[in-house]
Amino acid sequence: MFLFEGSFGNILHTGDCRLTPECLQNLPEKYIDRKGKEPQCCFDYVFLDCTFGRFSRNLPSKHSAIHQVINCIWKHPNAPMVYLTCDLLGQEEILTSVSLTFGSKIYVDKANNADYFQSLTIIAPEILSEDPTSRFRLFDGFPQLSERATIMFAEAQANFQHEPVIIRPSAMWYVCEEERLEMDSRRKLRFNEAIKDQFGVWHVCCSMHSSREELEWALKLLAPKRVVSTTPSCRAMELDYGRKHCFDSYINSDDSIWKLLDIDMSTCKFTCQNCSLFSHG
């Protein structure tokens, strides 16, 4: 997250941070309502990651998701290789937990994942292995994960070997399945254990983005004057907080947003009223 304070006001940009209670408690105390006391300062704007703003289901905590990954590995003791599609910053805690639990380092292809390899040398150098025979390996989640997995399973069968285990910790597959499935099937979609898809890939609902419920809770706690969505897939006005508190927002010519954008409104010959960019996110 990024916090900006100045003549332009108090502005919070959440990046793609998941707004858990633990995360928000790291904000300066003057912005948070603690023990029933009103905060000393308020946010003029919150630029909010609404990636899963339309997803109504509760998402497992990071701790729960990591536990699911580890359980999935335990259930496949004969798998010669375990491939983890954890090639994004923010997923290194999964790799660390797997490494500690099974007492094995994780192979990362330095040539194909140079940037992530370099990041891990700083974040978690103790888990890195350059030995390609290591049982645990980093695997690219994109592109064509399903096609690559199908080929790997076919090769294992052709060589009369146990199939490898491929685990993808991501909430995106669950969101896509929710949109695709009929209502009855949606209810059967499990979030508390790994699910194997038709291609043989195991999915664990592990999200680095906030659920709709977490977004609403965070906005209620932060109580910004205006909310701007940074993700086109969901606008801030689709959230209950946005509709209740930002719908009738009027952006005056002396609003702090113009200072932030370095626009001198005194020289402008127009008025921005009910500006959709800022009131609707």
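Show that you can apply the helix-only estimate: for the chain, add -39,500 (n - 2.57) for every DSSP H stretch of four or more residues, divide by all residues, and state [θ] at 222 nm to the nearest 500.
Counting only the DSSP helices, I get -9000 deg cm²/dmol.
Mind telling me which of 91, 144, 68 comes out most flexible in a GNM of the chain, alpha-carbon contacts under 10 Å?
The residue with the greatest mean-square fluctuation here is 144.
Which value, in debye to the nearest 20, describes the size of the charge dipole of region 1-44 about its Cα centre when Lys and Arg Cβ atoms bear +1, Asp and Glu Cβ atoms bear -1, and nothing else is charged?
160 debye
Could you point to the label whose value was computed as Kirkwood radius over Cα pairs in Å for the structure here, given (i) 19.8; (ii) 22.3; (iii) 21.4?
(iii)
Taking every pair of Cα atoms in region 127-231, average 1/r, invert it to obtain the Kirkwood radius, and report Rg/Rh to two decimals.
Ratio value, two decimals: 1.09.
Loop only by DSSP, 14 or fewer other Cβ within 10 Å of the Cβ. Give me the chymotrypsin sites (Phe, Trp or Tyr not before Pro) in region 210-248 that pass, ordered by residue number.
The qualifying sites are 247.
Testing the spin-label approximation: label points 7 Å from Cα along Cα→Cβ at residue 126 and residue 146. State their distance in nm.
Once both label points are built, they end up 4.0 nm from each other.
Among 103, 90, 15, determine the one that fluctuates most according to a GNM of the chain built with springs between C-alpha atoms less than 10 Å apart.
103
Using Cα positions and a limit of under 26 Å, work out the lysines in reach of residue 30, with same-chain residues fewer than 8 apart set aside.
Once the sequence-local lysines are set aside, what remains near residue 30 is 220, 225, 244, 259.
Using the alpha carbons of region 23-159, what is the convex hull volume per residue in cubic angstrom, as a whole number?
Cα convex hull per residue, to the nearest whole number: 194 Å³.
Quick check on region 62-204: of the DSSP beta bridges with both residues there, what percent are antiparallel, nearest 5%?
Rounded to the nearest five, the antiparallel share is 15 percent.
Which one of 151, 228, 117 has its Cα pushed farthest toward the positive end of the charge dipole of the chain, where Lys and Arg give +1 and Asp and Glu give -1 at the Cβ?
228
Measure nothing but the geometry: give the 0 to 90° angle between the long axis through the Cα atoms of 212-222 and the longest principal axis through the Cα atoms of the chain, rounded to 10°.
That works out to roughly 40 degrees.
What does the charge dipole of region 1-125 about its Cα centre add up to, to the nearest 20 debye, if the Cβ of each Lys and Arg holds +1 and the Cβ of each Asp and Glu holds -1?
Charge dipole of region 1-125: 460 debye, to the nearest 20.
To the nearest 20 Debye, how big is the dipole of the chain about its Cα centre, given +1 on the beta carbon of each Lys and Arg and -1 on that of each Asp and Glu?
Approximately 660 debye in magnitude.
Where does the longest stretch of the chain lie that holds no GluC sites (Glu not before Pro) found in a DSSP loop with 16 or fewer other Cβ atoms within 10 Å?
1-129
Where a number appears in this text, it was derived from the coordinates with a stated rule and is not lab data. All values reported here derive from a predicted model rather than from experimental measurement. Ideal geometry is used to build each Cβ from the backbone, glycine not excepted, and the neighbour counts take in all protein chains shown.
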